[in-house]
Each structure stands twice: as C-alpha cells, then as structure tokens.
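S.K.: Here it is, the structure in full.
What follows is calculated from the coordinates using simple rules that are stated; it is not laboratory data. The structure displayed is predicted, hence computed values, not measured ones. Note that each Cβ is placed from the backbone with ideal geometry, even for glycine, and that neighbours are counted across all protein chains shown.
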Ligand SMILES: Cc1cc2nc3c(=O)[nH]c(=O)nc-3n(C[C@H](O)[C@H](O)[C@H](O)COP(=O)(O)OP(=O)(O)OC[C@H]3O[C@@H](n4cnc5c(N)ncnc54)[C@H](O)[C@@H]3O)c2cc1C
C-alpha cells in the first residue's frame with residue numbers, strides 16, 4: 001500500500017512545470033514499484049548519470065552491489081521566479097540548475113565548486129561553498145524533500161511536518177536512509193559577474209580577525225580562502241556585480257588557487273566563479289602547464305574522477321591511499337588546528353570555507369553539540385597528500401578532530417572504531433528514521449557503508 005502522507009507537496013505554478021511534474025511522478029512510481037516488489041534483501045546502491053564526487057576507493061562495494069536505476073532523475077521541474085524556489089530531481093548537477101536559473105537572475109544559495117556535483121549528492125554528502133558563512137550548507141537552503149523508502153513508500157518531508165526528523169537526517173546520510181527523489185530549494189538574486197578581492201595575511205591571528213570581521217559585518221557576499229602556509233593565508237571575498245572591466249577564467253591554463261597568491265583582485269563571469277575549482281581545488285590535474293595546454297580543456301573534475309574510478313585497480317591504493325579529507329572545526333579551534341597540522345601533516349595549500357552553524361544537525365550526537373560553543377565553523381579541506389612512513393594520516397586526523405570537537409565528512413577513507421563512530425554520529429536518530437525508511441537495512445547503516453563497505457569490508 002502506498003502510504004503517501006497528508007502533507008501536500010509544493011507544486012509547480014506553471015503548465016510546463018506541471019508537465020515536468022507528471023513525468024517525474026511516473027519515474028517515482030517505477031522506482032517505488034521496483035522496491036515494493038523486490039524479493040532480495042541484498043544491499044542496494046544508486047546508479048546515477050554523472051560521476052560521484054566521493055573519493056574513489058579500489059574495493060568499494062558500491063561497484064558490485066545490485067543497483068536502483070536513478071539515471072533519469074536529472075531534470076529541473078520548475079524555477080519559480082516569484083517564490084524564488086527551484087523544484088528539481090536529485091541527479092541534476094548544479095551546472096544544469098544554474099543554466100536554468102541564472103538567465104532568470106537567480107541562483108541556488110549554495111553552489112558547490114565542482115560543476116557536476118548533484119543536488120541530491122550535495123544534501124546526502126554535506127556540500128558547502130563560499131556563501132556558507134551566511135547560510136550554512138546546501139541542505140540548509142532546502143524546503144522540502146520527497147523520499148522513496150526502501151519499501152517503496154513515498155514521503156513528503158519538510159523541516160516542520162510529521163517527517164521532520166527524516167528531512168533532517170537525509171542530510172549527511174550518504175544514502176543510508178532512503179532515496180531522495182525530489183527537492184525544493186531556495187534561490188537568491190544573482191548578477192552577471194563576481195568581483196573578488198584576495199586579502200593576503202601573514203599570520204593566523206590576522207586571518208582569523210578578518211574572517212570574523214566579514215562574518216559579523218556581512219559586508220561581502222562570498223568568502224572562502226586558500227591557506228598556502230601558516231604565514232601566507234589568502235582570504236577571497238567577493239560580490240556580485242553588473243559589469244566588469246575584464247574577466248578571467250580558470251578552466252584551462254590558469255589555476256585558480258595559484259591566482260589567490262598572485263592577484264589582489266579579479267573579475268569572473270558568475271558561472272566561472274562558481275566552478276573556479278573544477279580542475280581540482282588544490283590538487284589540480286593536469287599539474288604541468290604543458291599537460292594543461294594539451295589536455296586541460298578535456299579534463300574537469302568529472303572526467304578525472306571517472307578516470308580514477310575506471311582505472312582504480314592501477315591508479316589507487318586502498319592500503320596507503322592519498323589523503324583527501326574534508327573537516328569541520330569550531331572557528332575558535334582553527335589556530336590550534338593549523339599549528340598542529342603544520343607540524344604533523346605540513347601539506348599545503350588547504351581550502352578554507354567559513355560555515356555558519358545555522359542548525360544543530362540531528363545526525364550528530366548531543367554530546368558533540370554540548371562541546372560546541374562556536375556559532376561559526378570552518379571547513380578545512382586537504383586534497384591529495386601522500387602518506388609518509390607508517391602513520392595512518394586519516395586516523396591521525398580523526399583523533400585530532402575528536403580532541404578539538406571537530407568532525408569530518410565521510411566522503412573518503414574512514415577508520416573509526418564503531419563505538420567511537422557512534423559517539424559522534426547520532427545512532428538513536430538514525431535508527432528511528434531507518435525503522436520507517438529502511439527497515440530491512442538494504443542501504444546499510446551509516447557505519448557499515450562509510451567505514452566498511454566503502455573499503456570492501458563487511
Ligand atoms: C575531489 C573532491 C573534491 C570536492 N570538492 C568539493 C567542493 O569544491 N565543494 C563541495 O561542496 N564539496 C566538494 N566535495 C564533496 C562533495 O560535495 C560531496 O562528496 C558530495 O556528496 C558529492 O555529491 P555527488 O553529487 O557527487 O554525489 P555522490 O558522490 O554520487 O553521492 C554522495 C552520497 O550521497 C548519496 N546520494 C546520492 N544521491 C542520492 C539520492 N538521490 N538519495 C539518497 N542519497 C543519495 C550517495 O549514496 C553517496 O553516499 C569534493 C569531493 C571530492 C571527492
């Protein structure tokens with residue numbers, strides 16, 4: 001029986017939108033029917049059209065799991081200029097969303113920096129970007145999710161209906177609490193260009209002071225940074241503008257993160273600003289100028305990740321993987337973290353994204369939040385560090401983050417012992433939601449999926 005809930009979903013407001021909506025409903029019915037009639041209880045992974053922006057792992061079980069086909073869930077259903085909302089399917093990449101909204105003078109509030117990150121992956125995998133210092137992550141800009149449960153029910157979930165916990169737990173769920181099949185999210189006015197100023201700071205204290213100043217005064221629209229070292233920290237602040245004296249783009253020969261050390265200001269067309277890191281944030285491919293000259297136009301993040309997945313047996317090493325890790329730290333602990341990081345890791349540059357704590361996420365434990373006094377957090381991302389000696393740098397990071405009341409997203413290699421893991425991630429809330437959305441655990445628990453199956457175990 002289809003237990004569609006009482007809450008009425010947000011509907012499109014145009015005939016075109018209604019037409020797209022009917023086509024969407026047929027896709028949902030197909031997937032729900034498949035799940036309702038599926039006999040097997042073997043784990044199930046999603047199949048979507050664009051590449052995954054998880055760090056590819058050689059033995060990830062997602063490559064051999066049975067699949068649920070979500071390939072055609074990649075349409076924008078409607079952009080409603082009046083209500084400033086977008087209704088879209090989860091496999092829609094941000095570049096396609098922006099193609100629909102920007103000609104109407106609007107963009108999503110959070111546009112992650114790689115072109116083909118999808119809106120569904122951004123919710124389930126905690127995507128952020130340079131407006132996050134005001135708005136939090138992409139999830140925090142969403143109004144409604146439609147979710148297909150593992151047993152084929154279709155739920156409308158909002159922050160304040162009877163499924164509010166499911167709505168909140170979809171964030172950071174890495175696909176373990178059901179299938180996100182439709183999203184409604186807010187849009188903001190945008191202009192044609194972005195004007196950037198790159199501040200250079202020679203001490204951590206001065207960097208922190210400036211981040212705090214912009215955070216408190218809200219005097220810029222965008223803020224992120226590249227930490228080239230602890231004595232060379234670039235803070236990149238920017239605003240939408242209607243005109244530009246010149247423009248730069250960083251999708252072929254020029255490398256954006258390098259420009260933050262060389263330039264004081266810059267102008268980019270808005271889409272080029274959003275995807276300025278698409279050839280790699282700080283781990284750019286191809287690395288050499290000649291390589292970029294020959295192949296740069298052909299190799300964006302999507303192509304690089306696709307190649308890494310296809311050639312994973314030759315290119316990657318699950319025993320000593322390079323370190324790519326995304327961390328969230330309380331702002332007040334950033335200095336201590338950077339001093340420790342320089343001593344123990346010393347791999348620069350780092351990407352730095354201030355992130356407002358707009359909500360105490362239900363997927364983290366009460367103990368985690370009890371220790372958190374800061375209203376501002378900072379995402380520090382490490383890309384492509386070679387591990388040295390016998391140290392497991394992933395584990396070293398996990399241990400240090402626990403000490404500093406930080407957390408990492410689960411996009412790469414995770415080595416948490418299970419009891420430690422559930423001291424950070426909120427098991428009772430996951431179990432409460434799973435009982436409704438995945439009672440037979442076909443999408444695996446968060447621990448099983450991110451700490452075991454992704455590395456070929458369990
Ligand atoms: C090299 C690299 C660079 C990155 N750079 C950035 C960056 O610049 N900015 C940024 O914000 N983030 C960045 N990230 C992190 C990225 O935002 C997250 O990994 C995000 O989850 C990727 O989304 P995706 O669309 O690729 O989804 P996927 O990787 O395909 O999926 C992410 C998770 O969400 C689940 N999922 C996907 N679709 C659904 C659905 N419909 N229903 C339920 N669950 C679903 C999947 O099962 C998976 O566990 C980077 C990651 C990597 C590996």
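S.K.: Just rank 337, 314, 167, 348, fewest to most, by other beta-carbon atoms within 10 angstrom. Walk me through the intermediate numbers first.
M.R.: Details: 337 21, 314 7, 167 24, 348 18.
The fewest-first ordering by Cβ neighbours comes to 314, 348, 337, 167.
S.K.: Rounded to a whole number, what is D in µm²/s for segment 15-189 from Stokes-Einstein with the Kirkwood radius over alpha-carbon pairs (10 °C, 1.306 mPa s)?
M.R.: Details: Rh = 16.5 Å.
The estimated diffusion coefficient comes to 96 µm²/s.
S.K.: Which order do 220, 433 fall in if you start with the one that has the fewest other Cβ atoms within 10 Å?
M.R.: Values: 220 21, 433 26.
By the 10 Å Cβ count, ascending, the order reads 220, 433.
S.K.: Let me ask something additional. Among rounded, prolate and oblate, which fits segment 214-271 when a ≥ b ≥ c are the square roots of the eigenvalues of its C-alpha gyration tensor, a/c under 1.5 means rounded, and a/b larger than b/c means prolate? Intermediate values should be presented prior to the final figure.
M.R.: Values: a/c = 2.30, a/b = 1.05, b/c = 2.18.
Taking the square roots of the gyration eigenvalues as a ≥ b ≥ c, segment 214-271 is oblate.
S.K.: Label points 7 Å out from Cα along the Cβ direction at residue 249 and residue 366: separation in nm?
M.R.: Calculated label separation equals 5.3 nm.
S.K.: With a point put 7 Å past each Cα toward its Cβ, work out how far residue 418 is from residue 143 in nm, to one decimal.
M.R.: 4.2 nm
S.K.: Here's another thing I want to ask about it. Give me the one-decimal nm value for the distance between modelled label points at residue 340 and residue 197, 7 Å along each residue's Cα-to-Cβ direction.
M.R.: Result: 3.4 nm between the two label points.
S.K.: Moving to a separate point now. Nearest-5 percent of antiparallel DSSP beta bridges in segment 15-189? Could the numbers behind the result be given before it?
M.R.: Values: 22 of 26 bridges.
Within segment 15-189, antiparallel bridges account for around 85 percent of the total.
S.K.: Follow-up. If one computes the Cα centroid of segment 402-458 and of segment 119-134, what distance in Å separates the two points?
M.R.: Segment 402-458 and segment 119-134 have Cα centres spaced 19 Å from each other.
S.K.: Contact order normalised by length for the chain, with contacts defined as Cα pairs under 8 Å and 6 or more residues apart; what percent is it?
M.R.: Numbers: 903 pairs, mean separation 84.8, N = 458.
So the answer I get is 19 percent.
S.K.: Only helical DSSP H runs with n ≥ 4 go in: add -39500 (n - 2.57) per run for the chain, normalise by residue count and round the 222 nm mean residue ellipticity to 500 deg cm²/dmol. Write down the numbers at each step before the final one.
M.R.: Details: 16 runs with 140 residues, N = 458.
Computed mean residue ellipticity for the chain: -8500 deg cm²/dmol.
S.K.: Quick one: 87, 77, fewest Cβ neighbours within 10 Å first, how do they rank?
M.R.: Working: 87 27, 77 24.
The order, fewest Cβ neighbours first, is 77, 87.
S.K.: Over segment 15-189, what is the relative contact order in percent, taking alpha-carbon pairs closer than 8 angstrom and at least six residues apart? Spell out each step's value before the answer.
M.R.: Details: 312 pairs, mean separation 38.6, N = 175.
Result for segment 15-189 is 22 percent.
S.K.: Rounded to the nearest Å, what's the spacing between the alpha carbon centres of segment 143-167 and segment 288-321? Just the number, please.
M.R.: Centre-to-centre (Cα) distance: 37 Å.
S.K.: Highest first, please rank the peptides 243-252, 146-155 by the mean number of other Cβ atoms sitting within 10 Å of their residues. Intermediate values should be presented prior to the final figure.
M.R.: Values: 243-252: 13.6, 146-155: 21.3.
Output ranking for 243-252, 146-155: 146-155, 243-252.
S.K.: What does the C-alpha gyration tensor say about the overall shape of segment 1-72? Classify as rounded when a/c is under 1.5, otherwise prolate if a/b is larger than b/c, or oblate.
M.R.: Judged from the Cα gyration tensor, segment 1-72 comes out oblate (a/c at least 1.5, b/c at or above a/b).
S.K.: Here is a follow-up. Out of the DSSP beta bridges found with both residues in the chain, what percent are antiparallel (nearest 5)? Mind dumping the intermediate values first?
M.R.: Numbers: 62 of 66 bridges.
Rounded to the nearest five, the antiparallel share is 95 percent.
S.K.: Next up: Working out 0.36 nm times the residue gap between residue 320 and residue 258, then minus their Cα-Cα distance, what length gain in nm do you get to one decimal?
M.R.: Details: separation 62, 0.36 × 62 = 22.32 nm, distance 2.78 nm.
Between residue 320 and residue 258, full extension yields 19.5 nm more.
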